[in-house]
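Visitor: To start, I am sharing the structure in question, which I have written as structure tokens.
The values are calculated or read from the model by the stated rules, or taken from the named source; none is laboratory data. Owing to the predicted nature of the structure, the values given are computational and were not obtained by experimental measurement. Using ideal geometry, Cβ is built from the backbone for each residue, glycine included, and neighbour counts are taken over all protein chains shown.
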Amino acid sequence: MNMDSYEKQKELKKIRNKRTGRTKKIWGTILVVFGILNLMDSVYMFNTSFLEGLRSCILPLALVCLGVWMVKSARTNVAKWDNYEALINQNGNTPLKELSRKTGKSVDQVRKDVQEMINNGFFRDENGNVGAYIHGEYDILVMMRNGYPKEPVEQTAKEQAQAEAAEEMDGKVTAEEETELFAEAIEKAAAEVKDPDVVESLKSIESSVKKIGRIVKRKPELEESESIRQLREIYLPKTLELVNKLRREEAGPDAMLEIKGILNTCAVAYGNIVEKVYKREDEDTLIDIEVLKQTFEREGLLGSDFDFE
């Protein structure tokens, strides 16, 4: 065996020991055994003096604790490396975000762990050279062959971006879907209310909200508009909160009467929104919710939780 081959074998053995935690486990076990033996000898010191016996136990106990920690730490690291290696694509690229999602760790922690694996030589190519690196721009673990990536990094980054976009769309509730949910909630409330005037107001609001949803479906560019955002995040929830207070009769008689009047005003406001949108449908303008904003401001309800007494 020539010198280069011997050095290579020696290096591989060193890496294998780190990978399995063998050296750390051995030294940890030695410390535990040595500490226990010394602890047994120290017990006899209590026959002479309690204080002397206590002093003689300190070092053996420290050795036992250190040894136990080394063994447990080695086992924890081995389990961690095993988990990463099972998730890493050894024949290509692995996004750190993917490892983060599968391990439940932050991307920063994953990056630190993977870099430690690289530094310890866990990834080697066919020639025994360092076989992986973390691409800084894309946050991707890249496996190499003869100094070159096994897979195109840009392609992996593109596929990752597409997968994230698809996942985001799957979990995203569109404005059309959200307005439909609000309309259904208002429709359900209308079925429970006995006052015909209130029922008329609720049905008008329901109809207008559904129309707004259909308009957004026909004009997807409205989805990201500030007006639609305010409608979804502020005015529809506040309107539904009013409806629920009325339906559950959570306020006194005077407040209930006030809520009925506000809902009637809201019905007119939502109707005006729809009318304005249809008039402007041929123009490149966003939904005008100013009329609804003025209604809530006039009633002093913006920033309020409708805490009617």
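Visitor: Hey, any hits in the range 90-106 for a residue that's assigned to a helix (DSSP H, G or I), hydrophobic (A, V, I, L, M, F, W, C) and not assigned by TED's automatic domain parsing to the domain that holds N17?
Guide: Scanning the range 90-106 turns up at least one residue that is assigned to a helix (DSSP H, G or I), hydrophobic (A, V, I, L, M, F, W, C) and not assigned by TED's automatic domain parsing to the domain that holds N17.
Visitor: On to the next question. When you scan the range 147-167, do you find a residue that is surrounded by fewer than 17 Cβ atoms within 10 Å (Cβ to Cβ), modelled with pLDDT of 85 or more, among the small types (G, A, S) and farther than 30 Å from K13 by Cα, even just one?
Guide: The answer is no, given that none of the residues of the range 147-167 is surrounded by fewer than 17 Cβ atoms within 10 Å (Cβ to Cβ), modelled with pLDDT of 85 or more, among the small types (G, A, S) and farther than 30 Å from K13 by Cα.
Visitor: So, one more: Please go through the range 225-240 and give me each residue that is surrounded by 15 or more Cβ atoms within 10 Å (Cβ to Cβ) and either without any contact (Cβ under 8 Å) to a residue 12 or more places away in the chain or assigned to a helix (DSSP H, G or I) (or both), ordered by number. Write out each step before concluding.
Guide: Kept after step one, since they are surrounded by 15 or more Cβ atoms within 10 Å (Cβ to Cβ), are these residues of the range 225-240: 225, 227-228, 230-232, 234-236, 238-240.
The answer is S227, I228, Q230, L231, R232, I234, Y235, L236, K238, T239, L240.
Visitor: Just to be sure before I move on: is F34 modelled with pLDDT under 85, assigned by TED's automatic domain parsing to the domain that holds K10 and either of a type outside the set (S, T, Y) or part of a loop (DSSP other than H, G, I, E, B) (or both) in the structure I sent?
Guide: Judged against the criteria, F34 is not a match.
Visitor: While we're here: Considering only the range 18-29, I want to know if a residue exists there that is outside any helix (DSSP H, G or I), of a type outside the set (K, R), assigned by TED's automatic domain parsing to the domain that holds H135 and out of contact with any strand residue (DSSP E or B) (no Cβ under 8 Å at 6 or more places or on another chain). Walk me through how you get there before you give the answer.
Guide: Within the range 18-29, the first condition is being outside any helix (DSSP H, G or I), and the residues that meet it are 21.
Pick out the ones that are also of a type outside the set (K, R) and you get 21.
Applying the additional criterion that residues be assigned by TED's automatic domain parsing to the domain that holds H135 yields none.
For the range 18-29, residues outside any helix (DSSP H, G or I), of a type outside the set (K, R), assigned by TED's automatic domain parsing to the domain that holds H135 and out of contact with any strand residue (DSSP E or B) (no Cβ under 8 Å at 6 or more places or on another chain): absent.
Visitor: How many residues are at pLDDT 80 or above and of a type in the set (K, R) if we restrict to the range 219-248?
Guide: 1
Visitor: Condition (residue is modelled with pLDDT of 85 or more, small (G, A, S) and more than 30 Å from N129 (Cα to Cα)) applied to the range 188-204: is it met by at least one residue?
Guide: Yes, some residue in the range 188-204 is modelled with pLDDT of 85 or more, small (G, A, S) and more than 30 Å from N129 (Cα to Cα).
Visitor: Could you list all residues from the range 132-159 that are charged (D, E, K, R) and in a loop (DSSP other than H, G, I, E, B)?
Guide: Just the residues of the range 132-159 that are charged (D, E, K, R), to begin with: 137, 139, 145, 150-151, 154, 158-159.
Result: E137, D139, K150, E151.
Visitor: Taking M70 and the conditions (1) more than 20 Å from R19 (Cβ to Cβ); (2) touching a residue at least 12 places away in the same chain (Cβ under 8 Å), which numbered condition does it fall short on, given that it satisfies the others?
Guide: (1)
A quick yes/no check of all residues on (1) modelled with pLDDT of 90 or more; (2) within 30 Å of T29 (Cβ to Cβ); (3) surrounded by fewer than 18 Cβ atoms within 10 Å (Cβ to Cβ):
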position	(1), (2), (3)
L54	no, yes, yes
A62	yes, yes, yes
L66	yes, yes, yes
M70	yes, yes, no
T94	yes, no, no
R101	no, no, yes
V110	yes, no, no
N119	yes, yes, yes
E126	no, no, yes
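Visitor: Would you confirm whether any residue within the range 49-59 is outside the structural domain of Y148 (by TED's automatic domain parsing), of a type in the set (K, R) and closer than 30 Å to E151 by Cβ?
Guide: Filtering the range 49-59 down to residues outside the structural domain of Y148 (by TED's automatic domain parsing) leaves 49-59.
Then drop every residue that is not of a type in the set (K, R), which leaves 55.
Keeping just the survivors that are closer than 30 Å to E151 by Cβ gives none.
The answer is no, given that none of the residues of the range 49-59 is outside the structural domain of Y148 (by TED's automatic domain parsing), of a type in the set (K, R) and closer than 30 Å to E151 by Cβ.
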